[in-house]
Every structure is written in structure tokens, then in C-alpha cells.
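In what follows, a structure is listed as C-alpha cells, so that the remarks can point back to it.
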Amino acid sequence: IAGASDDCTAKVWCASSGEILKTLSGHGDDVKSAAFSPDFALIATASCDSTARLWASCTGECVGVLAGHSDVVKSASFSPNGLLIVTASMDSTARIWRAVEPQAYECLQVLGGHAKAVNSAAFSPNEGQVLTASFDGTVRLWQAEDGECTLVLPADNAVVNAATFSPDGSLVLLASGGECVRLFH
């Protein structure tokens, strides 16, 4: 289990014993999220220090820093194949990064278009699209390859805290500050 902390670290625990296995230190501010890569080789963390970091899960060593956002990075998550990472930031953008060599940690796309902070970002199951959820009351669907926004889903002017795809990619689930969860087909 990987978890974020307000002490500038992330921690990795053994799921069966609860023992702390690793403490990931290096961020300069609170850590907002932590996520494993699909093969469990890497952990991505997002921080209030405006960066995301990648860590080798077996050693706890920082192997890369994703720098480019100008404000808090709220989340970082891997594509289903583990080749890409998407970050969501309070700077009103999401960014798609290369997660593997060559040119690992290169920013491939900046997804700009939200009027306020982006709370979460997630890849579709086929990696072709990215979903972003924002304080501006919308969820946006983007083409991962070229960064084109192809759909805007309104949430009745409520802050959208998170959005995700169903496992088959046919549905979008969003959670908003209006105390509701919505499902789009």
C-alpha cells in the first residue's frame, strides 16, 4: 500500500502486517497522492511543491522528477500500460509525461482549457484518452496523443473532485462538491 502524507513524504506499507516498508523522502512540501505503476516497479507521487516524483518501489530511490507545473500537483497516475503518467495541478492544467526510457520524464502534452484547478486526471483503459476533473465545474475528455479536448461534461457548476472511466471505458463516473455522483455513458 502506498500513501501520501503532510510531512513531505510518502510511505509504503505491507498490506498484511501494516509494517512500513519504505519512506519516500525528497519532496519539499506535503504529498497529495501516491500511485503504483501497473507492474509495481514505480511509485508516482504528487506534491504541493509543484512537482511529481517517480520512485523505484523496491529501493525507495527517487528516479525522476516531473517538473513543469506552476502550482500544487494534486495527483499523478500511470496509464494502464505504464508507459505514460498524467498529472493534475492547481495551475489549471494536466500534463502527460513519458514514464520510460528513452526521454523518460519528458512532458509530451499540456492539457490546458480548464478555468480553475484540475483536481484529478485519469487515462482511459486503452490509453487513448485522458479525463480531467476541475474546480471549474467541468470534466474534460482529451486525446492523449495530441492534447485535443473532444468533450466537456458540465457538473451543474459544482466543483468536480474526481472523475474516472469504467474498466471497459464505456462510462465516466464523476464525484462533485454538490454531494452527488454522476454516471455518463
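Numerical summary
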read-out: Any hit, segment 119-140, residues being more than 21 Å from residue 48 (Cβ to Cβ), among the hydrophobic types (A, V, I, L, M, F, W, C), surrounded by fewer than 14 Cβ atoms within 10 Å (Cβ to Cβ) and touching a strand residue (DSSP E or B) at 6+ places or on another chain (Cβ under 8 Å); value: no
read-out: Verdict on residue 168 being part of a loop (DSSP other than H, G, I, E, B), out of contact with any Gly (no Cβ under 6 Å at 6 or more places or on another chain), among the acidic types (Asp, Glu) and over 15 Å from residue 88 (Cβ atoms); value: yes
read-out: Single match in 62, 58 (criterion: under 23 Å from residue 30 (Cα atoms), at pLDDT below 95 and out of contact with any Asp or Glu (no Cβ under 6 Å at 6 or more places or on another chain)); value: 58
read-out: Wholly enclosed strands (runs of 3 or more DSSP E) of segment 1-100 bearing at least 1 residues surrounded by fewer than 19 Cβ atoms within 10 Å (Cβ to Cβ); value: 2-4, 9-13, 20-25, 31-36, 51-56, 62-67, 93-98
read-out: Residue in segment 94-107 that is on the phi > 0 side of the Ramachandran plot and small (Gly, Ala, Ser) present; value: no
read-out: Index of the failed condition, residue 53 passing every other in (1) more than 29 Å from residue 169 (Cα to Cα); (2) modelled with pLDDT of 95 or more; value: (1)
read-out: Test: residue in segment 109-122 that is part of a loop (DSSP other than H, G, I, E, B), in contact with an Asp or Glu (Cβ under 6 Å, 6 or more places away or on another chain), closer than 30 Å to residue 13 by Cβ and at pLDDT 95 or above; value: no
read-out: Every residue from segment 160-171 that is more than 10 Å from residue 133 (Cβ to Cβ) and not hydroxyl-bearing (Ser, Thr, Tyr); value: 165, 167, 168, 169, 171
read-out: Those residues of segment 141-160 which are farther than 18 Å from residue 185 by Cα, surrounded by fewer than 19 Cβ atoms within 10 Å (Cβ to Cβ) and of a type in the set (A, V, I, L, M, F, W, C), in sequence order; value: 158, 159
read-out: Residues being part of a loop (DSSP other than H, G, I, E, B) and under 29 Å from residue 41 (Cβ atoms) - total across segment 123-144; value: 6
read-out: Residue 101 without any contact (Cβ under 8 Å) to a residue 12 or more places away in the chain and within 22 Å of residue 66 (Cβ to Cβ); value: yes
read-out: Residues being over 17 Å from the mean Cα position of the chain (by Cα) and either over 13 Å from residue 183 (Cβ atoms) or without any contact (Cβ under 8 Å) to a residue 24 or more places away in the chain (or both) - total across segment 150-166; value: 8
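The values are calculated or read from the model by the stated rules, or taken from the named source; none is laboratory data. No experiment lies behind these values; they were computed from the predicted model shown. Positions of Cβ are generated from backbone atoms using ideal geometry, with glycine treated the same way; all protein chains shown enter the neighbour counts.
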